[in-house]
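Worksheet: the structure to be examined is printed underneath.
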Amino acid sequence: MSQRLINLTPPYYKKSKIANDILGAIESESDRFVEFALDVIRQGNPRLATWGIGQWEKDMKLPAVPKETTIDQRRARVLSRFGTPPVVTPREMERLLSEFTRNRNARVVEYGREKRFAVEIDIDNAIDLVGMASVAQEMKPKHLTFEVALGVKDVLTFHEQVFMTQRRYHKLNELRLGMTLLKYENEVKV
């Protein structure tokens, strides 16, 4: 029963089953139209866009992506281009690359003398590493190189032991009667 519309009508309609059904149908249709209108309005915001993200990609002149690309990856690509400043500082780079993480947290660590920087993110919060790397490659100063450093918050423990064995054999011209083929052997526990 539609309480919003019933309260707007005269009291004798409250007792009519036909009036209640008609008003209920009108309300459900109007709710559907309101939801559709709100969905259309959401497409105007790249953070909320779903079926309209393709238009955002077209407006930002982004190359096409494969069909299996998730909406979060596509949205991150658009948002990273949305506020690109003319000069990209480390803080701006962090802001741009944070769009590719769920917790909006990416850290840029500079190694000035080595002419490189690293982007540190938590691997559990990564949305699109390939997209992040391509945006970083495009936005970085051309004389710098970069790496993406993936981290985890959990402690890693290893329960297996790995041994590495290095064997060196004698060359054919070194062999003498009574010698073994094995020159020496090293074993290291990793």
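Go through (1) assigned by TED's automatic domain parsing to the domain that holds Q73; (2) at pLDDT 85 or above; (3) of a type in the set (G, A, S) for G178 and report which single condition fails. Status for G178: all satisfied but (1).
Each residue in region 13-43 was checked for being closer than 29 Å to D59 by Cβ and of a type outside the set (K, R), and 10 pass. Candidates are the residues of region 67-84 that are modelled with pLDDT under 85 and not in a helix (DSSP H, G or I); the one that is surrounded by the fewest Cβ atoms within 10 Å (Cβ to Cβ) is K67.
Among the residues making up region 123-144, those that are farther than 18 Å from R91 by Cα and in contact with a strand residue (DSSP E or B) (Cβ under 7 Å, 6 or more places away or on another chain) are I123, N125, A126, I127, L129.
A quick yes/no check of all residues on (1) exposed (fewer than 10 other Cβ atoms within 10 Å of the Cβ); (2) assigned to a helix (DSSP H, G or I); (3) polar (S, T, N, Q):
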position	(1), (2), (3)
L5	no, yes, no
K14	no, yes, no
D21	no, yes, no
I26	no, yes, no
D31	no, yes, no
L48	no, no, no
Q55	no, yes, yes
K58	no, yes, no
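Within region 107-147, if we keep just the residues that are closer than 17 Å to R75 by Cα and hydrophobic (A, V, I, L, M, F, W, C), the residue that is surrounded by the most Cβ atoms within 10 Å (Cβ to Cβ) turns out to be M132. Per this entry, D39 is not counted among residues that are at pLDDT below 85, surrounded by 10 or more Cβ atoms within 10 Å (Cβ to Cβ) and either assigned by TED's automatic domain parsing to the domain that holds R81 or out of contact with any Lys or Arg (no Cβ under 7 Å at 6 or more places or on another chain) (or both). When the residues of region 162-190 are filtered to those that are under 56 Å from the mean Cα position of the chain (by Cα) and of a type in the set (S, T, Y), which remaining residue is surrounded by the most Cβ atoms within 10 Å (Cβ to Cβ)? Among those that are under 56 Å from the mean Cα position of the chain (by Cα) and of a type in the set (S, T, Y), it is Y169. Residues that are acidic (D, E) and touching a strand residue (DSSP E or B) at 6+ places or on another chain (Cβ under 9 Å) within region 145-190 comprise E147, E174, E185, E187, listed in sequence order. Six or more apart or on different chains, Cβ under 8 Å: which pairs go from a residue in region 57-74 that's in the same structural domain as E138 (by TED's automatic domain parsing) to one that's hydroxyl-bearing (S, T, Y) and modelled with pLDDT of 85 or more? Could you list them? Final answer for the pair search is I71/T50.
The values are calculated or read from the model by the stated rules, or taken from the named source; none is laboratory data. All figures in this text were calculated on a predicted structure; none of them were measured in a lab. Note that each Cβ is placed from the backbone with ideal geometry, even for glycine, and that neighbours are counted across all protein chains shown.
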